[in-house]
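Step one of this worksheet: look at the structure below.
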Amino acid sequence: MQALNEMGIYTPSDLLLRFPDKYIFTDCKLDRNVRENEEISFIGEVVQPASKRYLRRGLSVVTCVFANNGINVKCSWFNQPFAARYLKEGDKAYVIGKVKKFKSVIQLTNPVLIAPNSGDKSILPVYKTAIPSRTFAAAVDTALKNVRVNSYIPSAIAQKYRLIPLQKAIASMHFPSCKEELHEAKRSVAIENLCYVITTYRLLKDDKRDHKYNAPIEFIDKFGESLPFELTDGQKCAIDHIIGAMRSDKLMNMLVQGEVGCGKTAVAMCAMYYAAMSGYQSAVMTPTEVLARQHYKSMIKTLEPLGVKTQLLCASMSKQERDTALFNIKYGAVSCVVGTQSLISENIEFSDLKLVIVDEQQRFGVNQRAKLERKGGKTDVIVMTATPIPRTLALSLYGELQQVDIRELPANRPKITTRIVPPNKIDGMYNYISECARDDGRTYIICPRITDTDDDLTAVEQVYEKLRAMPFGGLVGRVHGKMKDAERVRAMSDFADGKTKILISTTVIEVGIDVPQATNVIIYDAERFGLAQLHQIRGRVGRGTRDSYCFLLTNNDNAESLERLKKFCEITDGFSVSELDFKLRGAGDFVGLRQHGNGSLEIDEEIIARSRSLSDALIADGSSTAAIVRSMSDPEFIRSVTMN
C-alpha cells in the first residue's frame, strides 16, 4: 500500500485511472523492416544467454540475444548488472524497446523484460511504476472485480451516443482483448472525460454581474503613460476589449492568447490596475514559483508607483512572510496578489476578489481555476496563454467565450533561427555556446528526463555531468521539477545574474521565464515534444537585443518525425504552430487531458464535436449537472466507486 501511496494512489479511483503506459501484443511477429526508433514489443526466445562485461570503470553492459520470427534482436543494458540474469538459452520473455539498427542487426538499449504467464491474453498492459508491472496489473484486476464504477451520464444518453459503459471502457483500457476494443475504449473514455470539462465550464458561466468597475476610463491612459515603453497596437486593442468587458453588464470570461513575448503581462496588469482603481482585488495564478516571482517584480515596478499595493504568495515563503501575506490579502491591505497554487489553499481568504487571471492556462485543470474563481464569489476571469489554441478547439472547450489574440510583437524584436543539428555537428554547437558564454551569452539546454531511465531519452543529470567535465564546466547549472522551490529559484537567479551561463533543465523553464541575455536554446530528443511546446521553449530566447538560435537534437531517423521538425524550423508564428500541432497530434497538449500514465488520451476534432454534443444533451437532461458542479473539488471524472 505504501508503494501505491508514493505514486499518489490512495483510492480505487486512483488505481483504475492509472492507465497503462504501453501494451505488448503477444502474437506480434517481427519484421526485418522495422524502422529506427520504432518501439516494438514481442515475445522472444533466448538464443544467446546474458553476458556481462565492463566497458570502462563505472560502466558495465549486459547483453542478451532474443529471436522472434527467425530474426535476432540484440539487447543491451548499461549499469544494470542484474538485467536478464535468470534467462537461459531457450527461455522466453516479452521484450519492449526502441529500435537501433547497426548494419543489419536490430538492437534495443535498456529494453523492458516481462516474464510470460500461461494465462496471458493477446494484449498485455505494461505499467511503468515503482512496483512490478505484473503486480500493478493484478491490483487493477482485483479492483475491477470488486468495485462498481458509476458515471455521471444517464444510461439512456450514453446509449444514444454509443458510449461504452464507463466500467467496461476502463476495464478495456487496462485489459483489452483486441486492438479494436482498445481503440474504442480510449475514444469512449476521452469523450466522457472531455464532456465533463466542457460541461463544467458551461455550468460555471453565470454572466450576471453583481459588481461594477466605476473608475474613470482616464485611468487607462494614465497606466499607459507610466510605462517605460510604448504599447503595441495589439496590446492597446486587447486592453480596449478587456476594459470594455469589465465595464459591461455581464461577467467577463476572456481568453487572451498571443505570441511568446507579445506583452500579455502588461495587458493583464492594466486590467488589475483598473480593478484596483475601482476598489476591488485581483489575483494572478501561475504554474511555477519562478514565474510568480518574476510577475511580482514586474508588478512592484509597474503598479506600486501608481499607488497599487501588491503581494506575493508562494510555498517557499517563511511562516512570518506567509502570515503577513495572508493578513494583507484577507483585510484588503493589498489590491493585487500573485502566486502559485498556494492561492487556492483552504485558508486563503480575500477581502473583495473580483478579477482572476490565470497565466499559462493550459497548465491548470478546470478544478484549480474554479477554486480560485470561487474565492471571490462571482468573478471576472482572464485566462492567458502563449500556446495559442485553435479557434475550433477554444469554442468547443469554453463555449462562446470572449477572445483576444495579440499577434503583434514589439518593434526591433530579434530574430530566432531554428535548426536541426545532425550528430556530426554537435561538437561544433558546443564550441559555439562556450564562445557565447565568454561573451555573457546564456544558453538553455532542455532534456526530456531528469535522470537516466529505461527509455533511452536524454537526462538532465547525464548532460550536466558531461558538461561539468568540459573547460566551461564551472559555468553550468541545472534545474528540474524534483528540486525544492527555493533551489529552483536560486538556480534561475544564478543564471539570470550570470553566475552560470548554461542552464540544463527539463521543461520547467518553458513557462514565462525572462532572461534577456539568453540567446541559445538546445532541445534534446526534440521529436518527443509537441510543436506548441517546442515553440514555448523556443520563446525563452530572443527576449533581449541579440539574434538567437534554437537547436533541435534528435536521433530519430523516422521520415515523418523529421518532416514535422523541418516544418517547425520554417514556422515562427505561434498561431500557425498551434494549428499544425492540432492537426498532427490532436488536442492533448492544449486541454491537459493527460492519463495518469505518461501518455495522453486521444483527442481529435471528431471527439471534440461528440463531447460538445454530449454536453448539450447532459445539460438538457439536468439530472446529473448539479452533481458535476459539486464534483469540481474532485479532480477525477468518475462519479463514484462502490463495492460490489
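See the values below:
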quantity: Rounded if a/c under 1.5, otherwise prolate or oblate - the stretch 417-478, Cα gyration tensor axes; calculated: oblate
quantity: Cα centre as origin, Lys/Arg/Asp/Glu Cβ charges: the chain dipole, Debye; calculated: 1160 debye
quantity: Nearest-20 debye value, the stretch 423-475 charge dipole, Cβ charges on Lys, Arg, Asp, Glu; calculated: 220 debye
quantity: Area accessible to solvent at Lys309, 1.4 Å probe radius, in Å²; calculated: 120 Å²
quantity: Residue-by-residue Karplus 3J(HN,Hα) for the stretch 498-506, coefficients 6.51, -1.76, 1.60, Hz, glycine and proline x; calculated: x, 5, 10, 10, 10, 10, 9, 8, 7
quantity: Check: the stretch 249-330 dipole with +1 on Lys, Arg Cβ and -1 on Asp, Glu Cβ, in debye; calculated: 120 debye
quantity: Of Ile43, Leu124, Phe19, farthest towards positive along the dipole that unit charges on Lys, Arg, Asp, Glu beta carbons give the stretch 1-131; calculated: Ile43
quantity: Candidate aspartates and glutamates for bridging to Lys179, where Cα separation is under 13 Å - those fewer than 8 sequence places away on the same chain excluded; calculated: Asp27
quantity: Values of log10 I(q)/I(0), in the order q = 0.05 Å⁻¹, for the chain under a Debye, Cα-only, solvent-free model; calculated: -0.26
quantity: Cα gyration tensor shape for the stretch 482-584, rounded if a/c is under 1.5, else prolate or oblate; calculated: prolate
quantity: Rounded if a/c under 1.5, otherwise prolate or oblate - the stretch 125-245, Cα gyration tensor axes; calculated: prolate
quantity: Most to least packed among 480-490, 51-61, 114-124, 65-75 [average Cβ atoms within 10 Å]; calculated: 65-75, 480-490, 114-124, 51-61
quantity: 0 to 90° range, to nearest 10: angle between helix 133-146 axis and the chain longest Cα axis; calculated: 70 degrees
quantity: Approximate spin-label separation Ser226-Ser104, in nm, with each point projected 7 Å along Cα-to-Cβ; calculated: 7.6 nm
quantity: Difference of contour (0.36 nm per residue) and Cα-Cα distance, Ser122 to Asp249; calculated: 39.7 nm
quantity: Protein accessible area in the stretch 60-167, 1.4 Å probe - carbon and sulfur %; calculated: 53 percent
quantity: Placed amide H near Ile106: partners under 5 Å, 5+ positions off or other chain; calculated: Lys74
quantity: Positive-pole candidate from Gly377, Asn68, Ile217, dipole of the chain, charges at beta carbon; calculated: Asn68
quantity: Accessible surface, the chain, averaged per residue in Å² (probe 1.4 Å); calculated: 45 Å²
quantity: Degrees between helix 264-277 axis and first principal axis of the chain (Cα, 0 to 90, nearest 10); calculated: 40 degrees
quantity: Rounded to 10°, Cα long-axis angle of helix 574-585 versus longest principal axis of the chain; calculated: 30 degrees
quantity: Cα-Cα pairs of the stretch 1-114 separated by more than 19 Å (percent); calculated: 53 percent
quantity: Listed peptides 79-87, 12-20 by packing density, highest first (mean Cβ within 10 Å); calculated: 12-20, 79-87
quantity: Label point 7 Å beyond Cα of Ile426 along Cβ direction - residues of the stretch 523-548 with amide nitrogen under 12 Å; calculated: 523-526
quantity: Value at 222 nm in deg cm²/dmol, rounded to 500, when DSSP H runs of n ≥ 4 in the chain each add -39,500 (n - 2.57); calculated: -11000 deg cm²/dmol
quantity: Residues with amide H under 5 Å from that of Asp352, placed H, sequence gap 5 or more; calculated: Gln281
quantity: Charge sum, other residues only, whose C-beta stays under 14 Å from Pro49's C-beta, Lys/Arg counted +1 and Asp/Glu -1; calculated: +3
quantity: Under Karplus coefficients 6.51, -1.76 and 1.60, residue-wise ³J(HN,Hα) of the stretch 209-221 in Hz, glycine/proline x; calculated: 6, 10, 9, 10, 8, 10, 5, x, 5, 4, 4, 5, 5
quantity: Long pairs among Lys128/Lys583; Lys29/Lys98; Lys466/Lys567; Lys264/Lys354; Lys100/Lys583, criterion Cα-Cα beyond 23 Å; calculated: Lys128/Lys583; Lys466/Lys567; Lys100/Lys583
quantity: Residue among Tyr464, Cys270, Ile243 farthest towards the positive dipole end of the chain, charges placed on Cβ; calculated: Tyr464
quantity: Computed lengthening from Val34 to Arg209, 0.36 nm per intervening residue step minus Cα-Cα distance; calculated: 57.0 nm
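The values are calculated or read from the model by the stated rules, or taken from the named source; none is laboratory data. The structure displayed is predicted, hence computed values, not measured ones. Backbone-built Cβ (ideal geometry, glycine too); neighbour counts: all protein chains shown. When the accessible area is computed, the model is the full protein with side chains, heavy atoms only, and any ligands, DNA or RNA have been set aside. Shrake-Rupley method; radii C 1.70, N 1.55, O 1.52, S 1.80 Å.
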